[in-house]
Ligand SMILES: Nc1ncnc2c1ncn2[C@@H]1O[C@H](COP(=O)(O)OP(=O)(O)OP(=O)(O)O)[C@@H](O)[C@H]1O
Ligand code: SF4
Ligand SMILES: [Mg+2]
């Protein structure tokens, strides 16, 4: 087996607020191979974005990584100096965000913003920088790229702005891109276009991707493996097909049951009852217990990770195991 | 872009026209200057003659049109009191005010924006807290009091700087300026500092608020995620993004300080237009008051016009007439 490009072990990021410690990310582990796409799904507030920012070393105060390891191409990132981390950000690992309107600077041209991103890591002549920028814009599907370098963000549609952001993130051919719900704010048709373009780009360039979304349907069409996050923890992870067909964790099962494609025609969509608990006052034990049909006394202590082949889950009473043969 | 300039220019013309009516009527309604320019013991004939000579016997609208007609030819009338052309009178005083105000507003802006960005960038450091304390002080201490304290401390107690006047001046384009000479500069320091304190406080607040807001946006996060250094982010992203309100306030402050530097000019015996207008009001020297207000209105309109152009220059959304 080849060395993973990104290896995350027991990563914990906590926010030390006035109200107490918010364990936004709590013991997250996963590996990512070259060119692999992993979907990171979970409800709002489950810690997906904080996980992404932890990977690129941009956790805002009062938060910080309190534990764990992030290895990128064999280099430990969590102990790097800010200066050394900066030379990797945007270069070996980059991130794109949900709202393309907010990410680009409205007062600089696309070309200027791409030039800044190039200059951050490389000395290129203005001509070479322009050529590289235009090449990237073309790759992400922006027509007449060279002329568009002189345009300002407000002259682009939302979908086109997101493509520009993606092009900026790809400028230095990073090993890993963290994509934080980059299509959520866009029209469904454009969403699909960008989704598949990103998948192809990942394939061509060997860039691995972490695709963050609260929408299991979107992610599963793209990612070869999934990590399901709940209250700061990954409660289940494994190959996409396996998880969709045969979930172990009751939360994953609930998410799948609420997918429109999974509902029997004519029946209402299933919803997981209750809502995400406040991370400030998490009960000891399994954080999903208050919403879980299978909860009992054992669940009052936190369930450890159960591994089975290339999948794993955190639950004392996994579903589906009696019924089927594990994949 | 050209359409934008023309539109703004027409707006400025309309504003000036309206201002001239308001100023003229407003000043007309105040007191009767005849009682001041003519000695009480003068005969009825002399009185009537004076009234006719000054054009005060004509109907108000006629006086206005004569006034505007003269105005357009660059003639703002003669001072009742000094009996010299008003333009000459004000023109002789304006450079003093101009250099004082420009120096104080520009240095308050440069210093205030730098301090404000620092305070917004590192809100929890003790340096930032000190900066904010200074800004609270600048807001709450009355200007005349600060002026007096400055004189007491730097001029009287330490004897480092002169307490008033313009000092040595140099003629440039036939106008006397203090700033090119060392002695002149030393005379400017205290009144400029006095004028600048409030503006400094305001610029600090403005830059700090803008910085705090912008630093939390996705634009900055995305720039960081692309690996830009903090210095580049501050210089290339932040400075542009916080500039609009700062330039707006800069323009307003420049205009209003030019018009109303009265208190500081009085305390530091600075021979600017502020002192002139106060004197003119007490003796109801109507042409000076009217001309002064017209010039002030003109300055405001011009500054606003320039500021609009600057906006269009730095913000593509204004330039392209986008609503976003
Ligand atoms: N600066 C902060 N200070 C305190 N708590 C924070 C801060 N940033 C994030 N958190 C907490 O971390 C938790 C995880 O937030 P995160 O943004 O990662 O959620 P998410 O899964 O990305 O949700 P969404 O789908 O809404 O984007 C939240 O409960 C949030 O309250
Ligand atoms: S550990 Fe218990 S409470 Fe938690 S998901 Fe499994 S069964 Fe439900
Ligand atoms: Mg998020």
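The values are calculated or read from the model by the stated rules, or taken from the named source; none is laboratory data. Quick caveat, the model's predicted, so the values are computed rather than measured. Quick reminder, even Gly has a Cβ in these numbers, built from the backbone with ideal geometry, and neighbours come from all protein chains shown.
Cβ contacts < 6 Å: first residue under 16 Å from residue A:236 (Cα atoms) and away from chain B (no Cβ under 14 Å), restricted to the range A:285-311; second residue part of a loop (DSSP other than H, G, I, E, B) and within 16 Å of ligand 3 (Cβ to nearest atom), any location; separation 6+ or different chain. Result?
Listed pairs, sorted by first residue: A:287/A:231.
Restricting the search to the range A:94-140, which residues are more than 9 Å from chain B (Cβ to nearest Cβ) and under 13 Å from residue B:226 (Cα atoms)?
A:114, A:115, A:118, A:122
Filter the range B:67-86 down to the residues that are buried (at least 17 other Cβ atoms within 10 Å of the Cβ) and modelled with pLDDT of 85 or more, then identify the one that is farthest from the chain's Cα centre (by Cα).
In this case the residue turns out to be B:85.
So residue A:247 clears everything in (1) in a loop (DSSP other than H, G, I, E, B); (2) modelled with pLDDT under 90 except one condition, right? Which one?
Among (1) in a loop (DSSP other than H, G, I, E, B); (2) modelled with pLDDT under 90, the lone unmet condition for residue A:247 is (2).
Restricting to the range A:280-297, what's the tally of residues that are farther than 15 Å from residue A:318 by Cβ and assigned to a loop (DSSP other than H, G, I, E, B)?
Counting residues in the range A:280-297 that are farther than 15 Å from residue A:318 by Cβ and assigned to a loop (DSSP other than H, G, I, E, B) gives 5.
Within the range B:202-224, which residues are away from chain A (no Cβ under 14 Å) and surrounded by fewer than 24 Cβ atoms within 10 Å (Cβ to Cβ)?
B:202, B:205, B:206, B:209
Tell me the residue from B:185, B:234 that is within 14 Å of chain A (Cβ to nearest Cβ) and more than 24 Å from residue A:178 (Cα to Cα), please.
B:234
Out of B:164, B:227, B:159, report the one residue that is part of a loop (DSSP other than H, G, I, E, B), crowded, with 22+ Cβ neighbours inside 10 Å and either away from chain A (no Cβ under 14 Å) or in contact with a strand residue (DSSP E or B) (Cβ under 9 Å, 6 or more places away or on another chain) (or both).
Exactly one residue qualifies, and that residue is B:227.
What are the residues in the range A:5-57 that are closer than 27 Å to residue A:173 by Cβ, surrounded by fewer than 20 Cβ atoms within 10 Å (Cβ to Cβ) and free of Cβ contacts under 8 Å to residues at least 60 places away in the same chain, if any?
Scanning the range A:5-57 gives a single hit, A:31.
Residues in the range A:26-39: is at least one near ligand 1 (Cβ under 10 Å from one of its atoms) and out of contact with any helix residue (DSSP H, G or I) (no Cβ under 6 Å at 6 or more places or on another chain)?
No, there is no match, as no residue in the range A:26-39 is near ligand 1 (Cβ under 10 Å from one of its atoms) and out of contact with any helix residue (DSSP H, G or I) (no Cβ under 6 Å at 6 or more places or on another chain).
Restricting attention to the range A:149-183, report how many residues are within 23 Å of residue A:89 (Cβ to Cβ) and either surrounded by fewer than 16 Cβ atoms within 10 Å (Cβ to Cβ) or under 18 Å from the mean Cα position of the chain (by Cα) (or both).
Residues that pass the stated criteria total 19.
Let me spell it out: the conditions are (1) within 18 Å of residue A:23 (Cβ to Cβ); (2) within 16 Å of ligand 1 (Cβ to nearest atom); (3) at pLDDT 85 or above, and residue A:276 meets all of them except one. Which number is the exception?
(3)
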